[in-house]
1. State all residues of the range 39-90 that are assigned to a strand (DSSP E or B) and in contact (Cβ under 8 Å) with a residue 24 or more places away in the chain; if no residue qualifies, say none.
2. Here is a list: 34, 42, 100, 53. Which entry is modelled with pLDDT of 90 or more and more than 29 Å from residue 136 (Cβ to Cβ)?
3. Please indicate, with yes or no, whether at least one residue in the range 11-21 is of a type in the set (A, V, I, L, M, F, W, C) and buried (at least 16 other Cβ atoms within 10 Å of the Cβ).
4. Considering only the range 36-64, state which residues are buried (at least 18 other Cβ atoms within 10 Å of the Cβ) and within 15 Å of ligand 2 (Cβ to nearest atom).
5. Please go through the range 65-88 and give me each residue that is within 13 Å of ligand 2 (Cβ to nearest atom) and surrounded by 15 or more Cβ atoms within 10 Å (Cβ to Cβ), ordered by number.
6. Can you tell me which of (1) within 16 Å of ligand 1 (Cβ to nearest atom); (2) among the charged types (D, E, K, R); (3) part of a loop (DSSP other than H, G, I, E, B) is the one residue 102 doesn't meet?
Amino acid sequence: MQPCDPELEQTLHADGLRITRQRQAILDVLQSTVAHPDAAWVYDQVRQQIPNVSLGTVYRNLQVLEDQGLVRVLRYGRFRRYDGNISRHYHLACLGCGAVCDLGLDWQDRLGQQVEQEGYEVTDHRLEFYGYCLQCRACDDPLAVTARADSD
Ligand code: ZN
Ligand code: MN
(Lines give C-alpha, C1' and ligand atoms only; values in the text may rest on other atoms or scores of the structure.)
(Ligands and ions follow the chains in the order given, each with its own letter.)
Protein backbone atom coordinates (compact mmCIF):
# COMPACT_ATOMS: atom_id res chain seq x y z
CA MET A 1 0.00 0.00 0.00
CA GLN A 2 1.12 3.51 -0.75
CA PRO A 3 1.33 5.81 2.23
CA CYS A 4 -1.69 8.04 2.35
CA ASP A 5 -0.92 11.40 0.82
CA PRO A 6 -3.94 13.70 1.04
CA GLU A 7 -2.44 16.10 -1.48
CA LEU A 8 -1.84 13.36 -4.07
CA GLU A 9 -5.25 11.91 -3.39
CA GLN A 10 -6.85 15.28 -3.98
CA THR A 11 -4.96 15.67 -7.26
CA LEU A 12 -6.08 12.23 -8.42
CA HIS A 13 -9.63 13.02 -7.40
CA ALA A 14 -9.56 16.31 -9.32
CA ASP A 15 -8.11 14.47 -12.35
CA GLY A 16 -10.87 11.91 -12.15
CA LEU A 17 -13.53 14.61 -12.08
CA ARG A 18 -11.93 16.40 -15.03
CA ILE A 19 -11.86 13.19 -17.10
CA THR A 20 -15.45 12.39 -16.17
CA ARG A 21 -16.58 15.89 -17.09
CA GLN A 22 -14.81 15.78 -20.47
CA ARG A 23 -16.17 12.34 -21.28
CA GLN A 24 -19.70 13.35 -20.29
CA ALA A 25 -19.48 16.51 -22.43
CA ILE A 26 -18.44 14.43 -25.46
CA LEU A 27 -21.26 11.95 -24.87
CA ASP A 28 -23.77 14.80 -24.48
CA VAL A 29 -22.64 16.34 -27.77
CA LEU A 30 -23.04 13.03 -29.60
CA GLN A 31 -26.41 12.28 -28.04
CA SER A 32 -27.78 15.69 -28.97
CA THR A 33 -27.19 15.44 -32.72
CA VAL A 34 -28.34 13.19 -35.56
CA ALA A 35 -25.54 14.46 -37.82
CA HIS A 36 -23.12 11.55 -37.22
CA PRO A 37 -20.22 13.98 -36.93
CA ASP A 38 -16.50 13.38 -37.16
CA ALA A 39 -14.08 13.91 -34.26
CA ALA A 40 -13.15 17.45 -35.35
CA TRP A 41 -16.79 18.57 -35.13
CA VAL A 42 -17.17 16.97 -31.70
CA TYR A 43 -14.00 18.75 -30.61
CA ASP A 44 -15.37 22.13 -31.76
CA GLN A 45 -18.58 21.58 -29.81
CA VAL A 46 -16.90 20.36 -26.62
CA ARG A 47 -14.45 23.26 -26.73
CA GLN A 48 -17.37 25.67 -26.33
CA GLN A 49 -18.03 24.15 -22.90
CA ILE A 50 -14.46 23.21 -21.95
CA PRO A 51 -12.16 25.70 -23.71
CA ASN A 52 -8.85 24.04 -22.74
CA VAL A 53 -9.76 20.55 -23.97
CA SER A 54 -7.39 19.14 -26.61
CA LEU A 55 -8.19 17.24 -29.80
CA GLY A 56 -6.10 14.32 -28.48
CA THR A 57 -8.24 14.18 -25.35
CA VAL A 58 -11.38 14.11 -27.47
CA TYR A 59 -9.96 11.24 -29.58
CA ARG A 60 -8.95 9.28 -26.47
CA ASN A 61 -12.35 9.73 -24.88
CA LEU A 62 -14.17 8.79 -28.07
CA GLN A 63 -12.16 5.56 -28.04
CA VAL A 64 -13.09 4.88 -24.40
CA LEU A 65 -16.76 5.61 -25.11
CA GLU A 66 -16.61 3.22 -28.06
CA ASP A 67 -14.94 0.53 -25.92
CA GLN A 68 -17.67 0.99 -23.30
CA GLY A 69 -20.33 0.62 -25.99
CA LEU A 70 -21.73 4.10 -25.29
CA VAL A 71 -21.14 5.44 -28.80
CA ARG A 72 -20.95 3.73 -32.15
CA VAL A 73 -18.21 4.38 -34.68
CA LEU A 74 -19.14 4.27 -38.35
CA ARG A 75 -16.22 3.78 -40.70
CA TYR A 76 -16.65 4.65 -44.35
CA GLY A 77 -13.35 4.21 -46.12
CA ARG A 78 -11.02 6.62 -44.41
CA PHE A 79 -13.90 8.58 -42.90
CA ARG A 80 -14.77 7.92 -39.30
CA ARG A 81 -18.08 9.17 -37.96
CA TYR A 82 -19.62 8.92 -34.50
CA ASP A 83 -23.15 8.07 -33.44
CA GLY A 84 -24.51 8.69 -29.93
CA ASN A 85 -27.57 6.62 -30.76
CA ILE A 86 -26.60 3.02 -29.99
CA SER A 87 -30.02 1.51 -30.67
CA ARG A 88 -30.16 -0.84 -33.65
CA HIS A 89 -30.68 1.13 -36.83
CA TYR A 90 -29.39 1.38 -40.36
CA HIS A 91 -27.55 4.19 -42.11
CA LEU A 92 -27.53 5.83 -45.47
CA ALA A 93 -24.23 7.37 -46.53
CA CYS A 94 -23.86 9.92 -49.33
CA LEU A 95 -20.91 9.18 -51.59
CA GLY A 96 -20.92 12.80 -52.73
CA CYS A 97 -20.76 14.94 -49.60
CA GLY A 98 -20.21 12.28 -46.93
CA ALA A 99 -23.49 12.98 -45.11
CA VAL A 100 -24.65 10.06 -42.96
CA CYS A 101 -28.36 9.72 -42.13
CA ASP A 102 -30.43 7.38 -40.01
CA LEU A 103 -32.72 5.28 -42.13
CA GLY A 104 -36.37 4.79 -41.17
CA LEU A 105 -36.16 1.11 -41.95
CA ASP A 106 -37.24 -1.51 -39.39
CA TRP A 107 -34.51 -3.72 -38.01
CA GLN A 108 -34.49 -6.88 -40.11
CA ASP A 109 -34.36 -9.69 -37.53
CA ARG A 110 -35.09 -12.20 -40.26
CA LEU A 111 -31.68 -11.54 -41.83
CA GLY A 112 -29.99 -12.79 -38.67
CA GLN A 113 -32.41 -15.69 -38.46
CA GLN A 114 -31.61 -16.71 -42.04
CA VAL A 115 -27.90 -16.63 -41.31
CA GLU A 116 -28.46 -18.74 -38.17
CA GLN A 117 -29.52 -21.54 -40.48
CA GLU A 118 -25.79 -21.77 -41.30
CA GLY A 119 -25.24 -22.87 -37.71
CA TYR A 120 -24.03 -19.53 -36.41
CA GLU A 121 -25.38 -17.73 -33.39
CA VAL A 122 -25.90 -14.22 -34.75
CA THR A 123 -25.67 -11.45 -32.17
CA ASP A 124 -25.68 -8.44 -34.51
CA HIS A 125 -25.42 -7.42 -38.12
CA ARG A 126 -24.59 -4.36 -40.18
CA LEU A 127 -26.26 -3.17 -43.31
CA GLU A 128 -25.15 0.01 -45.05
CA PHE A 129 -26.80 1.89 -47.87
CA TYR A 130 -24.78 4.12 -50.19
CA GLY A 131 -25.83 6.62 -52.77
CA TYR A 132 -26.29 10.32 -53.39
CA CYS A 133 -28.35 12.68 -51.23
CA LEU A 134 -30.91 15.12 -52.68
CA GLN A 135 -28.42 17.97 -52.60
CA CYS A 136 -25.75 15.98 -54.42
CA ARG A 137 -28.28 14.71 -56.95
CA ALA A 138 -29.24 18.31 -57.71
CA CYS A 139 -25.59 19.07 -58.41
CA ASP A 140 -24.66 18.95 -62.13
CA ASP A 141 -21.61 16.83 -61.56
CA PRO A 142 -21.72 14.73 -58.37
CA LEU A 143 -18.25 13.40 -59.15
CA ALA A 144 -16.90 16.93 -58.76
CA VAL A 145 -18.41 16.95 -55.25
CA THR A 146 -16.75 13.58 -54.58
CA ALA A 147 -13.37 14.87 -55.77
CA ARG A 148 -13.75 17.94 -53.57
CA ALA A 149 -14.65 15.83 -50.52
CA ASP A 150 -11.63 13.57 -51.18
CA SER A 151 -9.18 16.43 -51.35
CA ASP A 152 -10.23 17.79 -47.94
ZN1 ZN B 1 -24.56 14.43 -50.47
MN1 MN C 1 -27.34 6.73 -36.55
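1. At the first step, the residues of the range 39-90 found to be assigned to a strand (DSSP E or B) are 72-76, 79-83, 90.
Scanning the range 39-90 gives 74, 76, 79, 80, 81, 82, 83, 90.
2. 53
3. Keep residues of the range 11-21 that are of a type in the set (A, V, I, L, M, F, W, C), which gives 12, 14, 17, 19.
With the extra rule that they be buried (at least 16 other Cβ atoms within 10 Å of the Cβ), the set shrinks to none.
So far as the range 11-21 goes, no, none of its residues is of a type in the set (A, V, I, L, M, F, W, C) and buried (at least 16 other Cβ atoms within 10 Å of the Cβ).
4. Within the range 36-64, 36, 37, 42 qualify.
5. Looking only at the range 65-88, we keep the residues that are within 13 Å of ligand 2 (Cβ to nearest atom), and these are 71-74, 76, 81-88.
Result: 71, 72, 74, 76, 81, 82, 83, 84.
6. Single failed check for residue 102: (3).
The values are calculated or read from the model by the stated rules, or taken from the named source; none is laboratory data. Worth saying up front: this structure is predicted, and the values here are computed from it rather than measured. Using ideal geometry, Cβ is built from the backbone for each residue, glycine included, and neighbour counts are taken over all protein chains shown.
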